[in-house]
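Structure first, then comments.
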Amino acid sequence: MCSSFVALAEAYDSLDPNGNITIKWDIMQWTPDGYVAVVTMFNFQQFRHIQAPGWQLGWSWAKKEVIWSMVGAQTTEQGDCSKFKGNTPHCCKKDPTIVDLLPGTPFNMQIANCCKAGVINTFNQDPANAASSFQISVGLAGTTNKTVKVPKNFTLKAPGPGYTCGRAMIVRPTKFFTQDGRRATQALMTWNVTCTYSQFLAQKTPTCCVSLSSFYNDTIVNCPTCSCGCQNNKTNPGSCVNENSPYLQSAIDGPGKYTGQPLVQCTSHMCPIRIHWHVKLNYKEYWRVKITVTNFNYRMNYTQWNLVAQHPNFDNITKLFSFNYKPLTPYGSKINDTAMFWGVKFYNDLLMQAGPLGNAQSELLLRKDSMTFTFDKGWAFPRRVYFNGDNCVMPPPDAYPWLPNASPLTKQPLTLPVLVFSIVLATLLAIA
């Protein structure tokens, strides 16, 4: 029980407390030895999507079920089907793994919401592509609501670990409405599986970091050293490459090219992604911020990327340049301090791999609130930053750029002449 509580605590995200991926399994018709079902994955996460190379869904059969056929997806292995004579099942494994089909699949192998290479976008960015479906024909299974056994041990990789799935729960059958809304049909049986994400399970190290700068201080606060790992050619050779290296292209085409292994530019932080927040200008009633997202990964283009940041002045965003924006209200409508940003379609929604084109930038114009606005003590910098749903490493607060007259370095020590003058002045005033 204690371990379950720890897992739930790790999966909880205060900026998206209700975020999850729900797998809905709808039995649409019975067959002589089983059923035909439509399985749909809905992404109910506000800012975390499944990117290429896409999702992998797995489970264990409760009995000796087989998969006769599939539409819109396929299993990665067929398994041992040697006991079948004549018709051979699509998959005979006890624990099949399912993957999406690729775009361009023939129409007779497609159903609605399939064939996107396993990519599922967030509902905020692209609601039309926030779900993925496939049809499955199951044999050697029950043929009634009472004899069907739900699968168990569901797993979801997206594309690696990170999601923890609960057990299947039988719910009210799903209803389907005609386009005119005048007739409804329903599934014969439905069960749901809920999967939640944990960054701790997804990777051992962070994937992004934040750097800071401002117009009122020449100091550029870089990402903390070793934010996402450290350069170590002895224990981890080939983990990074210099941008001016003559062997850059051969390193990109190396063994990890087709496995998705990151190859990052050698930096002090070693992160694939860096977000830079620059306090650019100060006006009488407004102030201006420039945000730059830089890709240091030579093997990854980020499609449909997104950025989430927290700042108390986000309730007064007046103008946004070259990014899309949506306010998030994880604490209710009274607190509006969280914003989601993403690229404009066909302009900068694709963050290219490391290099001259591997960045996206925008500027925000914010109206000042006379009751709260200040440049003092790092107030102008974000509280938290996420990239593609992963929390980024922030610099320590004492390293933030300070106002010149607020810097600890400008405080003058109490010298002996100043002390003597103060004593003399106090004595004269007392005599007078």
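The values are calculated or read from the model by the stated rules, or taken from the named source; none is laboratory data. As the structure is a computational prediction, the values presented were derived from the model and not from experiment. A quick note on method: Cβ atoms are made from the backbone with ideal geometry, for glycine too, and the neighbour counts reach across all protein chains shown. The protein model used for the area step is the full one, side chains on, heavy atoms only, and it has no ligands, DNA or RNA in it. Shrake-Rupley method; radii C 1.70, N 1.55, O 1.52, S 1.80 Å.
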Take the residues of segment 257-272 that are in contact (Cβ under 8 Å) with a residue 24 or more places away in the chain and out of contact with any Cys (no Cβ under 8 Å at 6 or more places or on another chain): which is nearest to V241 (Cα to Cα)?
P262
Could you grab me the full set of residues in segment 299-353 that are more than 17 Å from the chain's Cα centre (by Cα), among the aromatic types (F, W, Y), on the phi < 0 side of the Ramachandran plot and part of a loop (DSSP other than H, G, I, E, B)?
Y331, Y347
Looking only at segment 131-140, decide whether some residue is farther than 25 Å from K63 by Cα, open to solvent by less than 40 Å² (accessible area, probe 1.4 Å) and modelled with pLDDT of 95 or more.
yes
Of all the residues that make up segment 297-325, how many are open to solvent by less than 20 Å² (accessible area, probe 1.4 Å) and hydrophobic (A, V, I, L, M, F, W, C)?
6
Condition check for T207: farther than 17 Å from M41 by Cβ and of a type outside the set (F, W, Y)
yes
Among the residues of segment 45-64, which ones are modelled with pLDDT of 95 or more and either among the hydrophobic types (A, V, I, L, M, F, W, C) or surrounded by 23 or more Cβ atoms within 10 Å (Cβ to Cβ) (or both)?
W55, L57, W59, W61, A62
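Look through L212, L201, L188, L156 and report the one residue that is open to solvent by 50 Å² or more (accessible area, probe 1.4 Å) and under 23 Å from the mean Cα position of the chain (by Cα).
On the way: L212 fails: open to solvent by 50 Å² or more (accessible area, probe 1.4 Å); L188 fails: under 23 Å from the mean Cα position of the chain (by Cα); L156 fails: open to solvent by 50 Å² or more (accessible area, probe 1.4 Å).
The unique qualifying residue is L201.
Okay, residues lined up against (1) open to solvent by 30 Å² or more (accessible area, probe 1.4 Å); (2) under 15 Å from T40 (Cα atoms); (3) in a loop (DSSP other than H, G, I, E, B); (4) of a type in the set (A, V, I, L, M, F, W, C):
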| position | (1), (2), (3), (4) |
| --- | --- |
| E77 | yes, no, yes, no |
| D80 | yes, no, yes, no |
| K85 | yes, no, yes, no |
| T88 | yes, no, yes, no |
| T105 | no, no, yes, no |
| I111 | yes, yes, yes, yes |
| C114 | no, yes, yes, yes |
Among the residues of segment 273-280, is there at least one that is closer than 22 Å to L357 by Cα, outside any loop (DSSP other than H, G, I, E, B), open to solvent by 50 Å² or more (accessible area, probe 1.4 Å) and in contact (Cβ under 8 Å) with a residue 12 or more places away in the chain?
yes
Name the single residue, out of those in segment 186-211 being in contact with a helix residue (DSSP H, G or I) (Cβ under 7 Å, 6 or more places away or on another chain) and hydroxyl-bearing (S, T, Y), that is farthest from T147 (Cα to Cα).
S198
Some residue of segment 59-69 being within 21 Å of C114 (Cβ to Cβ), outside any strand (DSSP E or B) and not basic (K, R):
no
Extreme residue, nearest to Y386 (Cα to Cα), among residues of segment 32-55 that are among the small types (G, A, S) and in a loop (DSSP other than H, G, I, E, B)
A52
When residues of segment 215-232 are filtered for being among the aliphatic types (A, V, I, L, M) and open to solvent by 40 Å² or more (accessible area, probe 1.4 Å), how many remain?
1
For Q261, the lone unmet condition from (1) surrounded by fewer than 19 Cβ atoms within 10 Å (Cβ to Cβ); (2) touching a Leu at 6+ places or on another chain (Cβ under 7 Å); (3) over 30 Å from F373 (Cβ atoms) is (2)
